[in-house]
Amino acid sequence: MPHLGVYSGGGFSIFDDHRVVVEGYRGTETITDQDRVDLFRKAFGLLHPSAVYGQAARDLITAVLATS
């Protein structure tokens, strides 16, 4: 299983280093405050090494489904 460098929390998208859109249970929030944008850029940098693709992603999904 991949190791996460930080809890991923809700989903978010970073646009042009000046805007972050956060999706959560309470709805969507657009963030443009640079300090907060930088916080999400840091979180993305910590999460990125944990990403898996292709066969490794399929194997991870299959392993998780097998534990259900």
Scan the range 20-68 for residues that are of a type outside the set (A, V, I, L, M) and either part of a loop (DSSP other than H, G, I, E, B) or touching a helix residue (DSSP H, G or I) at 6+ places or on another chain (Cβ under 7 Å) (or both) and report the count. 7
Subset of the range 1-19 [at pLDDT 70 or above, part of a loop (DSSP other than H, G, I, E, B) and open to solvent by 50 Å² or more (accessible area, probe 1.4 Å)]: ASP16, ASP17, HIS18
Taking interchain pairs and intrachain pairs at least six residues apart, which have beta carbon atoms under 7 angstrom, with the first residue in the range 11-36 and within 18 Å of HIS48 (Cβ to Cβ) and of a type in the set (A, V, I, L, M, F, W, C) and the second open to solvent by less than 50 Å² (accessible area, probe 1.4 Å) and not in a strand (DSSP E or B)? PHE12/PHE40; ILE14/PHE40; VAL20/VAL37; VAL20/PHE40; VAL22/GLY10
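The values are calculated or read from the model by the stated rules, or taken from the named source; none is laboratory data. Everything numeric here is computed off the predicted structure, so don't read it as measured data. No Cβ is skipped: glycine too gets one built from the backbone with ideal geometry, and neighbour counts run over all protein chains shown. The accessibility values were calculated without ligands, DNA or RNA, using every heavy atom of the protein model including side chains. Shrake-Rupley method; radii C 1.70, N 1.55, O 1.52, S 1.80 Å.
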